[in-house]
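Enquirer: Have a look at this one before I ask anything.
The values are calculated or read from the model by the stated rules, or taken from the named source; none is laboratory data. What you see is a predicted model, and the numbers here were worked out from it, not measured in a lab. As a convention, Cβ positions derive from the backbone with ideal geometry for all residues, glycine included, and neighbour counts pool all protein chains shown. The accessibility values were calculated without ligands, DNA or RNA, using every heavy atom of the protein model including side chains. Shrake-Rupley method; radii C 1.70, N 1.55, O 1.52, S 1.80 Å.
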Amino acid sequence: QVQLVESGGGLVQPGGSLRLSCAASGSIFSLYHMAWYRQAPGKQRELVAFITSAGSTNYADSVKGRFTISRDNEKSTVYLQMNSLKPEDTAVYYCNAVRMADNYWGQGTRVTVSS
């Protein structure tokens, strides 16, 4: 079992920045591929960024060049640095951990981009 706890969401003005954190516990964090998803009101959950256990990353086209995913295996934490935020980035952001058949989700943290 893996427990995931997100933090760092909030209200930010367009053009601003936020850093989300996801702290993991309960298993060997370094073995898991980690991802951030988001779900806007009335829309399906979508993949935002992904980082493999080896550190390779991938991003949705909508956030490339603005968001950066990273991980600290010693702290069992994955981060999402979000810059140049836009109103369309408003959503609940979820942390996800995947390894073979195991798939875990956090409870989500809300990000609102508004002036």
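Enquirer: Of all residues in the range 12-29, count the ones that are exposed (fewer than 13 other Cβ atoms within 10 Å of the Cβ) and either part of a strand (DSSP E or B) or free of Cβ contacts under 8 Å to residues at least 60 places away in the same chain (or both).
Expert: Going through the range 12-29 one residue at a time, the tally reaches 3.
Enquirer: Also, I was wondering about something else. Within the set of pairs 6+ apart or on separate chains, which have a first residue in the range 91-115 that is more than 25 Å from residue 1 (Cβ to Cβ), a second that is basic (Lys, Arg) and surrounded by fewer than 21 Cβ atoms within 10 Å (Cβ to Cβ), and C-beta atoms under 7 Å apart?
Expert: 113/86
Enquirer: Are any residues in the range 73-85 over 29 Å from residue 28 (Cβ atoms) and among the hydroxyl-bearing types (Ser, Thr, Tyr), and if so, which ones?
Expert: Of everything in the range 73-85, just one residue is over 29 Å from residue 28 (Cβ atoms) and among the hydroxyl-bearing types (Ser, Thr, Tyr), namely 84.
Enquirer: Do any residues in the range 56-77 that are at positive phi and open to solvent by less than 50 Å² (accessible area, probe 1.4 Å) have Cβ atoms under 7 Å from those of residues that are assigned to a strand (DSSP E or B) and not aliphatic (A, V, I, L, M), where the two are at least six apart or on different chains, and which pairs are they?
Expert: 76/25
Enquirer: Only one residue in 71, 110 is within 17 Å of residue 35 (Cβ to Cβ), touching a Gly at 6+ places or on another chain (Cβ under 8 Å) and charged (D, E, K, R). Which one?
Expert: Answer to the selection: 71.
Enquirer: Can you pull out every residue in the range 3-44 that is at positive phi and more than 12 Å from the chain's Cα centre (by Cα)?
Expert: Result: 10, 15, 26, 42.
Enquirer: Among the residues of the range 30-45, which ones are open to solvent by 30 Å² or more (accessible area, probe 1.4 Å) and aromatic (Phe, Trp, Tyr)?
Expert: Result: 37, single match.
Enquirer: Go over the candidates 18, 4 one by one and state the one that is at pLDDT 95 or above and within 30 Å of residue 115 (Cβ to Cβ).
Expert: Details: 4 fails: within 30 Å of residue 115 (Cβ to Cβ).
Among 18, 4, only 18 is at pLDDT 95 or above and within 30 Å of residue 115 (Cβ to Cβ).
Enquirer: Another question, then. Can you name every residue in the range 30-84 that is of a type in the set (Lys, Arg) and assigned to a loop (DSSP other than H, G, I, E, B)?
Expert: Restricting attention to the range 30-84, the residues satisfying the condition of being of a type in the set (Lys, Arg) are 38, 43, 45, 64, 66, 71, 75.
Across the range 30-84, the qualifying residues are 43, 45, 64, 66, 75.
Enquirer: When the residues of the range 86-115 are filtered to those that are under 19 Å from residue 25 (Cβ atoms) and β-branched (Val, Ile, Thr), which remaining residue is surrounded by the fewest Cβ atoms within 10 Å (Cβ to Cβ)?
Expert: Ranking the candidates gives 98 first.
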